[in-house]
Each structure stands twice: as structure tokens, then as C-alpha cells.
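J.: Take a look at this one; I'll ask things after.
The values are calculated or read from the model by the stated rules, or taken from the named source; none is laboratory data. These figures come from a predicted structure and were not determined experimentally. Don't worry about glycine lacking a Cβ; one is built from the backbone with ideal geometry, like all the others, and counts go over all protein chains shown. Calculation scope for accessible area: heavy atoms of the full protein, side chains included, ligands and nucleic acids excluded. Shrake-Rupley method; radii C 1.70, N 1.55, O 1.52, S 1.80 Å.
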Amino acid sequence: QVQLVESGGGVVQPGTSLRLSCVVSGSTFTGDTGWFRQAPGKEREFVAAIRWSGGGTWYGDPAKGRFTIARDNAKNTMYLQMNSLKPEDTAVYYCAAGCVGTMSSAREYQNWGQGTQVTVSS
């Protein structure tokens with residue numbers, strides 16, 4: 001059984017940074033993986049994704065220029081470095097694995113973590 005566990009969320013002030021981590025266990029860490037987020041009353045939103053092979057990355061519009069996705073296959077861990085955080089980045093952030101199609105589509109991922117809360121507030 002594949003398990004994904006996110007960590008690194010918290011309450012921060014605007015303009016600061018956070019790094020989220022996602023550890024994958026129970027399976028070989030292969031396949032494309034990604035980060036999504038969901039704010040109260042809104043649909044789940046694509047943040048970033050990374051290829052298993054070659055390390056190619058993709059970003060959703062809110063993340064471009066501020067967030068960086070990375071993964072350490074030896075540690076079965078994926079990261080999301082978030083800089084210049086804004087109040088509108090406040091959401092629960094989810095990591096996802098086992099993408100079988102379009103990397104920006106949540107429905108294409110087979111496995112999800114429980115989420116970690118990020119709150120950006122002054």
C-alpha cells in the first residue's frame with residue numbers, strides 16, 4: 001500500500017518562505033509526482049509536477065517564478081520550495097503520486113497524502 005506523508009506547513013508572514021516535503025512509502029518511488037492545493041470553498045488546484053525520469057518540471061500559474069519542485073529518488077522524497085508567499089497561497093497542500101495522464105489534472109493521480117496546512121497572514 002502506497003502512503004504519502006506531507007510535512008512543513010505552518011503559519012508564516014507574507015514575503016517569507018516555506019519548504020514542504022512529501023515522503024512516499026510502501027512502493028518504489030517511481031512515476032510522475034506533483035503538488036496540488038485547495039483553499040476553503042475552492043476546487044483543488046495544480047501547483048507543480050515533476051517527471052520521474054529526466055526531472056522535467058511543470059508549474060501552475062500561481063507557482064511560476066516563486067515555487068520550485070524537486071525530488072530525491074534515493075530518499076523517496078519530493079519537495080516544494082515556496083518563496084515570496086502571499087496571503088492567497090493559503091491552502092491545504094497535497095502531494096500526489098502515480099500520475100497516469102496529464103500531470104496538471106488531479107484526477108490522473110492514483111495516490112494522495114493527507115495534506116499540510118499553509119497559512120500566510122500578517
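J.: What residue, among those in segment 44-66 that are in contact (Cβ under 8 Å) with a residue 24 or more places away in the chain and in a strand (DSSP E or B), is most open to solvent (accessible area, probe 1.4 Å)?
T.: Per the stated criteria, the residue is W58.
J.: Continuing with the same structure: Any idea which of (1) open to solvent by less than 30 Å² (accessible area, probe 1.4 Å); (2) touching a residue at least 40 places away in the same chain (Cβ under 8 Å); (3) in a strand (DSSP E or B) is the one I69 doesn't satisfy?
T.: So the condition that I69 fails would be (2).
J.: If you scan segment 8-18, which residues turn out to be part of a strand (DSSP E or B) and open to solvent by 60 Å² or more (accessible area, probe 1.4 Å)?
T.: Selection gives V11 alone.
J.: Which one is surrounded by the most Cβ atoms within 10 Å (Cβ to Cβ) among residues in segment 19-43 that are among the β-branched types (V, I, T) and not in a strand (DSSP E or B)?
T.: For segment 19-43, the residue satisfying everything is T30.
J.: On to the next question. Could you please tell me which pairs satisfy a Cβ distance under 9 Å, a separation of 6+ or placement on different chains, a first residue in segment 93-118 that is farther than 19 Å from V5 by Cβ, and a second residue that is in a loop (DSSP other than H, G, I, E, B) and open to solvent by 30 Å² or more (accessible area, probe 1.4 Å)?
T.: Matching pairs, first to second residue: M103/R51; R107/G101; E108/V100; E108/G101; E108/T102.
J.: Starting from segment 1-16, keep only residues that are among the charged types (D, E, K, R), then list their pairs with residues that are open to solvent by 50 Å² or more (accessible area, probe 1.4 Å) whose Cβ atoms are within a distance under 8 Å, requiring at least 6 positions of separation or different chains.
T.: Here the result reads E6/Q114, each pair linking segment 1-16 to a residue that is open to solvent by 50 Å² or more (accessible area, probe 1.4 Å).
J.: Among the strands (runs of 3 or more DSSP E) contained in segment 78-122, which hold 2 or more residues that are among the polar types (S, T, N, Q) and open to solvent by 20 Å² or more (accessible area, probe 1.4 Å)?
T.: Fully inside segment 78-122 and qualifying: 109-112, 116-120.
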